[in-house]
1. Within the set of pairs 6 or more residues apart or between chains, which connect a residue that is farther than 12 Å from residue 115 by Cα inside region 139-150 to a residue that is open to solvent by less than 80 Å² (accessible area, probe 1.4 Å) and assigned to a strand (DSSP E or B) with Cβ atoms less than 6 Å apart?
2. Can you find a residue that is over 21 Å from residue 92 (Cβ atoms) and in contact (Cβ under 8 Å) with a residue 60 or more places away in the chain anywhere in region 203-219?
3. Which one of the conditions (1) modelled with pLDDT of 95 or more; (2) surrounded by fewer than 23 Cβ atoms within 10 Å (Cβ to Cβ); (3) of a type in the set (D, E, K, R); (4) under 23 Å from residue 241 (Cα atoms) does residue 134 fail to meet, given that it meets all the rest?
4. Being open to solvent by less than 10 Å² (accessible area, probe 1.4 Å) and under 14 Å from residue 116 (Cα atoms) is the filter here, so list the residues in region 51-64 that pass it.
5. Taking the stated definitions as given, is residue 228 over 14 Å from residue 159 (Cβ atoms), free of Cβ contacts under 8 Å to residues at least 24 places away in the same chain and surrounded by fewer than 18 Cβ atoms within 10 Å (Cβ to Cβ)?
6. Can you pull out every residue in region 73-105 that is open to solvent by 10 Å² or more (accessible area, probe 1.4 Å) and either under 14 Å from residue 205 (Cβ atoms) or without any contact (Cβ under 8 Å) to a residue 24 or more places away in the chain (or both)?
7. Where residues in region 186-213 are under 18 Å from residue 76 (Cβ atoms) and open to solvent by less than 40 Å² (accessible area, probe 1.4 Å), which of them is nearest to the chain's Cα centre (by Cα)?
8. Quick check on my filter: what residues within region 163-185 are in a loop (DSSP other than H, G, I, E, B) and buried (at least 24 other Cβ atoms within 10 Å of the Cβ)?
Amino acid sequence: MIQRMFPRQALRARRAARVVLAMAAMSALLTVDIPDASAAPPLGVTAQAPVAGSTQRVGALFTAGPDGGHYCTASVVRSDGHDVIATAAHCLGDVQNTVFVPGYRDGTAPYGAWQLTGQYVDPSWQDGQDPDADISFATVAPLNGRQIEDVVGGFPVLAEQPDDVTVTIVGYPAGDEVPLVCSNDTTMLSPTQRRVDCPELASGTSGSPWLADGALAGVLGGYQAGGEVDDVSYSAVMGDTAQELYREAAGRAADQGVHHVTRDASWS
């Protein structure tokens, strides 16, 4: 049976239809910028990192500039001076000749190349390369009058994560020109070392951030300098010593000299 619709009912129906169409159009516009969670690779699967979101805070470390080839990974973390990055201690032997390129992809530096100025490293790494101290923080010089965190943002740093925390790793294998991403649950190799199964994280991903709910929970390094096989990686636990190191790096005044550096602080 065909139902007849009175004028007032018809007006309400047309208004309701327009609201539904407007909401659908708005939803379509919003989903353009919101990543689809279902499109992320499953746990334990490595894929190319998207050109979106917080991946711009992760970058490659180069020797003497972008033409020198990238060899490790680092990420920007929050600090009072807006100028601090985190990486593995074994990645920073020659700070003065190291450049950080956030968001590096296919030979381009979309946010510039930032010269390192100093390093915060635990004395136990300097004295004996203790794998439990294979976490380091470094400062970078301003570029075009701006600090790096003001350009790309920075990750918070959090300790006291559960043993089986899920982490997302973003890193640059030395032979690749795009970053890779992998998420998986961690296990404890020891009270001071985490382990995660993620394939294809080859040489060059040392220093990659281990992100738990968007916060830095470690960096790829530690035991076996991060792992002897590409499919298993390690990170020193962000314990009290690493937290104190971070507080020292992040809380200093921007014009102060660098502490616990591998060179004299006068050049920082």
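1. 149/76
2. Pass one, region 203-219, residues over 21 Å from residue 92 (Cβ atoms): 212-215.
Next cut, in contact (Cβ under 8 Å) with a residue 60 or more places away in the chain only: 214-215.
The answer is yes; a qualifying residue exists.
3. Residue 134 satisfies every listed condition except (2).
4. 59, 60, 61, 62
5. yes
6. 90, 104
7. Checking each candidate, the answer is 209.
8. 172, 179 - these are the residues of region 163-185 that are in a loop (DSSP other than H, G, I, E, B) and buried (at least 24 other Cβ atoms within 10 Å of the Cβ).
The values are calculated or read from the model by the stated rules, or taken from the named source; none is laboratory data. Nothing here was measured: the structure is a model prediction, and the numbers come from that model. Every residue, glycine among them, receives a Cβ derived from its backbone with ideal geometry; neighbour counts consider all protein chains shown. Only protein heavy atoms, including side chains, enter the accessible area calculation; ligands, DNA and RNA are left aside. Shrake-Rupley method; radii C 1.70, N 1.55, O 1.52, S 1.80 Å.
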